[in-house]
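One structure is given here, and the rest of the page talks about it.
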Amino acid sequence: MLWVTAGVAALGILVALEMAARRYCGQPGPITNQVREVVLAPKPGPLYGGMALMMVVLTWRQRFIAAAAAIGVDAAFVLVRWAIGARTSGSHFFGNGALWVMLGCAVIAVTRRTGQERVLLLKGVGLGLLLVTGRKTGDTWLLITSRTRPMVLDQYVATADHALGNPSWLAGRIVGATDPIGPLLLHLVYGQLAVAAVVVALYQLRNVAAERRFPRHHLVRTFLVIGLLGPGIYMLFPMVGPVFAYGPGASGTGGLHWAVADLWPHTPPPTHNPHPMPYDEITPRNCMPSLHTAWATAIFLHTRKGPRFLRFAGAFWLIATLTATLGFGYHYGADLVAGVVFALTIEAALRSLDRGWDRAGIRLVAHGTTVFAALLLAYRFLPVEMAEQPWLFGPLLILAMTSVIYGFVRTTRSWEPRLAPVRQPEAQPEPV
């Protein structure tokens, strides 16, 4: 019933987003875009990542068959497009095979499987399709935010960010000084966050085929919930980021017409009374909270129990993502603080849901929610005070985030099963 309820809820969200995209943006939504990829050339990365997640429920022999079938279907599509002279853009030239394999496995589950085997295969297909559909849903959400939120609140957060020492301006100059190696590496990390998540998820789900069941909690669940709830905050607190609000835009020229001034990253913004400012209907309002920070935090949390290489990779991805979000001017320091609190609160809620709600779990989730709401209210209504008294509000922001981190670590450690110490046999007197 839980999976049925989740499926119905997901379908309802997709239908609502489809209608909203057509009404507010005049463009097709996630359902239409996904159906098109059955035939039209898609972006291959999300589709093959979704197929990889689906294959955790298959045996090795079935995995090889599925991979061969996907490659064969893609080869046929490429040949047909070449024969008829169909044009494709960029990297959108293959990927249909992965989608066809996932849909084929769904048909096999319904027609050729029964009982738990049918449920397990459908769960695998659902997991793969959720990753693909989540990407489409996110793109639609970002389009809706740009069309329905003409005014942005960047001036408020830029002013409040003085309490943290304007870290985006500092990181932007540091990253610029490391050009071209530093930006190239950070762009790779920032753009391949979903790949890192798939790798960690595959490690967590590596035993599904043998055990014939999914673990109670894994990274994909946290990723999807963060992606589902985050755009709602975008609508409440629309922002475009310092490179757009105080610079020339990510392209170097696109955002200057709408920016307050060309200040980023060399000149910190003034601490005047902020006010909402209009911005274009193209740039997504995807700055508060930083979901890249939230997702990287989730990856870090889910690699803590892995092997040493995975733990190091999770830590590196978190540090590099934080550096990229600031150094490229996509986020302010205040967004990162909110993103960490946002991720920890969602992770705590999901873990509490799995193990059963208790007083510690409720207290932790309530504390994280309260801190997150307090951060947003402070950014909106106390930015000037925060900028004028950085010695007070800067430590308070870090202390608030640290309190959530400490509460999460302390509570989750208390949930872990403790092994009873092995009793050592007492020395016995030797017989005389």
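Overview of values
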read-out	value
Candidates V35, V337, V198, ranked by Gaussian network fluctuation over the chain, Cα under 10 Å, top entry	V35
Gyration tensor (alpha-carbon) shape descriptor, the stretch 137-208, a/c threshold 1.5	oblate
Shape of the chain, Cα gyration tensor, a/c cut at 1.5	oblate
Segment L40-V409, extension gain: residue separation times 0.36 nm, minus the distance between their alpha carbons	128.2 nm
Spacing of the two label points (7 Å from each Cα toward its C-beta) at L103 and A69, in nm	1.3
Highest-fluctuation residue, A338, A209, A194 considered, GNM on the chain with Cα pairs under 10 Å	A209
Ranked packing of 326-333, 271-278, most packed first, by mean Cβ within 10 Å	326-333, 271-278
Fluctuation leader among R135, R359, R173 - the chain, Gaussian network, Cα springs under 10 angstrom	R359
Proximal lysines to K43, defined as alpha-carbon separation beneath 29 angstrom and excluding residues fewer than eight positions away on the same chain	K123, K136
Spacing of the two label points (7 Å from each Cα toward its C-beta) at L202 and R308, in nm	2.3
Relative contact order, percent, the chain [alpha-carbon distance under 8 Å, six or more residues apart]	18
Residue-normalised accessible area of the stretch 141-263, given per residue in Å² at a 1.4 Å probe	43
Computed [θ] at 222 nm, deg cm²/dmol, the chain (DSSP H ≥ 4; -39,500 (n - 2.57); rounded to nearest 500)	-22000 deg cm²/dmol
Net dipole in debye of the chain [+1 Lys, Arg Cβ; -1 Asp, Glu Cβ; about Cα centre; nearest 20]	1580
Under the span-like rule (Cα at least 18 Å along the axis, Kyte-Doolittle mean at least 0.0), DSSP H helices of the chain	2-20, 60-84, 96-112, 115-148, 219-236, 308-327, 333-355, 359-381, 390-415
Inter-probe distance in nm under a simple model that places probes 7 Å from Cα toward Cβ, at L382 and V119	4.9
Length added when fully stretched, D179-A261, from 0.36 nm per residue minus Cα-Cα	27.1 nm
Nearest-0.05 FRET efficiency for Q62 and I13, computed from C-beta distance (R0 22 Å)	0.10
Rounded percent of accessible protein surface that carbon and sulfur make up, the chain, 1.4 Å probe	68
Solvent-accessible surface ranking, highest first, for Y156, Y48 at 1.4 angstrom	Y48, Y156
Calculated log₁₀ intensity ratio I(q)/I(0) where the Debye formula runs over C-alpha points of the stretch 107-246, q = 0.11, 0.15 Å⁻¹	-0.65, -0.99
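The values are calculated or read from the model by the stated rules, or taken from the named source; none is laboratory data. As the structure is a computational prediction, the values presented were derived from the model and not from experiment. Because the Cβ atoms are built from the backbone with ideal geometry, glycine has one as well, and the counts that use them run over all protein chains shown. To get the accessible areas, we keep the full protein, side chains included, count just its heavy atoms, and leave off ligands, DNA and RNA. Shrake-Rupley method; radii C 1.70, N 1.55, O 1.52, S 1.80 Å.
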